[in-house]
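Below is one structure, written out as structure tokens; the observations come after it.
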Amino acid sequence: MCRLTDSCKITTDTDSLRSEIRDKSVRVVDVRRRDDYRQDHIPSSVNLPLADLLSDDSPERVQKLIQSLGIDDETSVVVYDDTFGALASRVAWTLEYLGHSDVTLLDTTYSNWKSLGLEHDSDVPEVHNRGHSVSLQPGILATSDYLESAKERDDVILIDNRERLNFLEQHIPGAISLPYLTLASRDRILRPKGEMKRLLENRGITGSSEIITYCGSVGTLSGLAYYAIKSAGLPNARLYVRSFKEWNNLQKPTAKQEDASYWDLSAE
């Protein structure tokens, strides 16, 4: 499995995906709502609405879902959405956690795909159930209990990917603010590698530290940050999937930023 190295492929560009679709060497997964998918989508793509996944994202159910989409252990998977990559990231991370080694994000949104004049249709492909094993990857998951102890270590960096104002009002103690809005470029869901490395370095996010990302509730915004970290070649990242909502509901300690400056209120 590709694990956070410089050689990891995080995104797939439009030209590569078009070629893979022609070669029938990829399973494209559209994670938008079912009605949006039925209206039109990238040719040959199958639909896995994020809400369907989140209704029960236990490994056993996820295994059944991806098998029903014709995905086995060797299938190359590209995931896309129309929400700056956040929803697609959450689905891709779930496949990675299940043990699927070949999953990437389309490097742009569906709206941009269409604006480029690229192919789309409303045909629903016929797919056949395929077997997929489960080989969980606990090294990319952070639970509340894990986070509670890990955040006290000197070699752990905790990143809050919510909007800056949410962070200022309340956050997990010790977290660094990295708003999700800072991760994208003009037409790509993630900045180029060099830019991403500089962005992270400016926040003190470098080296071999373990990096844990979280957002508001279900790990979408922080899922995008997880892949941003991977794209910069940083070696060790985890996603706190249940994020701040669970942390707060468990009545665990929180912090507030006092005397915020103008910069603090900006998304940069």
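The values are calculated or read from the model by the stated rules, or taken from the named source; none is laboratory data. In this text the structure is predicted, and so the values were computed from the model without any measurement. Every residue, glycine as well, gets a Cβ built from its backbone with ideal geometry; the counts of neighbours run over all protein chains shown.
The set of residues from segment 207-249 being over 13 Å from the mean Cα position of the chain (by Cα) and assigned to a helix (DSSP H, G or I) comprises Ser243, Phe244, Lys245, Glu246, Trp247, Asn248, Asn249.
In this structure, does His128 turn out to be modelled with pLDDT of 95 or more, assigned to a loop (DSSP other than H, G, I, E, B) and buried (at least 18 other Cβ atoms within 10 Å of the Cβ)? Even if it seems obvious, please write down each step before you answer.
Details: modelled with pLDDT of 95 or more: yes; assigned to a loop (DSSP other than H, G, I, E, B): yes; buried (at least 18 other Cβ atoms within 10 Å of the Cβ): no.
For His128, the condition - modelled with pLDDT of 95 or more, assigned to a loop (DSSP other than H, G, I, E, B) and buried (at least 18 other Cβ atoms within 10 Å of the Cβ) - is not met.
Taking the stated definitions as given, is Ile189 under 26 Å from Ala51 (Cβ atoms), outside the structural domain of Leu98 (by TED's automatic domain parsing) and aliphatic (A, V, I, L, M)? Write out each step before concluding.
Details: under 26 Å from Ala51 (Cβ atoms): yes; outside the structural domain of Leu98 (by TED's automatic domain parsing): yes; aliphatic (A, V, I, L, M): yes.
Spelling it out, Ile189 is indeed under 26 Å from Ala51 (Cβ atoms), outside the structural domain of Leu98 (by TED's automatic domain parsing) and aliphatic (A, V, I, L, M).
When the test is whether a residue is surrounded by 13 or more Cβ atoms within 10 Å (Cβ to Cβ), farther than 30 Å from Leu69 by Cβ, modelled with pLDDT of 95 or more and among the aliphatic types (A, V, I, L, M), Ile189 does not pass it.
Inside segment 8-40, can you point out the residues that are among the acidic types (Asp, Glu), surrounded by 15 or more Cβ atoms within 10 Å (Cβ to Cβ) and either under 18 Å from Tyr227 (Cβ atoms) or under 21 Å from the mean Cα position of the chain (by Cα) (or both)?
Residues of segment 8-40 among the acidic types (Asp, Glu): 13, 15, 20, 23, 30, 35-36, 40.
This time we only want the ones that are surrounded by 15 or more Cβ atoms within 10 Å (Cβ to Cβ), so: 20, 30, 36.
Correct list: Asp30, Asp36.
Checked against (1) among the small types (Gly, Ala, Ser); (2) assigned to a helix (DSSP H, G or I); (3) touching a strand residue (DSSP E or B) at 6+ places or on another chain (Cβ under 8 Å); (4) farther than 16 Å from Ala150 by Cβ, Gly204 meets all criteria but (2).
Identify, please: which residue in segment 148-157 is surrounded by fewer than 21 Cβ atoms within 10 Å (Cβ to Cβ) and in contact with a strand residue (DSSP E or B) (Cβ under 9 Å, 6 or more places away or on another chain) and is, among those, nearest to Val103 (Cα to Cα)? Please lay out each step first, then the result.
Filtering segment 148-157 down to residues surrounded by fewer than 21 Cβ atoms within 10 Å (Cβ to Cβ) leaves 148-156.
From what's left, in contact with a strand residue (DSSP E or B) (Cβ under 9 Å, 6 or more places away or on another chain): 150-151, 153, 155-156.
Working: Ala150: 28, Lys151: 29, Arg153: 31, Asp155: 28, Val156: 26 Å.
In this case the residue turns out to be Val156.
The residues listed here are Asp187, Asp154; of these, the one that is farther than 23 Å from Gly85 by Cβ and either assigned to a loop (DSSP other than H, G, I, E, B) or touching a Leu at 6+ places or on another chain (Cβ under 6 Å) (or both) is Asp154.
Condition check ((1) of a type in the set (A, V, I, L, M, F, W, C); (2) assigned to a loop (DSSP other than H, G, I, E, B)) across all residues:
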| site | (1), (2) |
| --- | --- |
| Ser25 | no, yes |
| Arg32 | no, yes |
| Asp56 | no, yes |
| Gln67 | no, no |
| Ile71 | yes, yes |
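So, of the residues in segment 153-206 that are free of Cβ contacts under 8 Å to residues at least 12 places away in the same chain and not basic (Lys, Arg), which turns out to be nearest to Lys245 (Cα to Cα)? Step by step, filter segment 153-206, then rank; the result is Asp154.
Among the small types (Gly, Ala, Ser) and either in contact with a Phe, Trp or Tyr (Cβ under 8 Å, 6 or more places away or on another chain) or surrounded by fewer than 15 Cβ atoms within 10 Å (Cβ to Cβ) (or both), is that true of Ser89? Quick ask: steps written out before the conclusion?
Working: among the small types (Gly, Ala, Ser): yes; either in contact with a Phe, Trp or Tyr (Cβ under 8 Å, 6 or more places away or on another chain) or surrounded by fewer than 15 Cβ atoms within 10 Å (Cβ to Cβ) (or both): yes.
Yes, satisfied.
Filter segment 235-268 down to the residues that are closer than 14 Å to Ile140 by Cβ and at pLDDT 95 or above and list them by number. Residues satisfying the conditions are Ala237, Arg238, Leu239, Tyr240, Val241. Exactly one residue out of Leu136, Leu116 is among the aliphatic types (A, V, I, L, M), touching a Pro at 6+ places or on another chain (Cβ under 9 Å), surrounded by fewer than 23 Cβ atoms within 10 Å (Cβ to Cβ) and touching a residue at least 24 places away in the same chain (Cβ under 8 Å), and it is Leu136.
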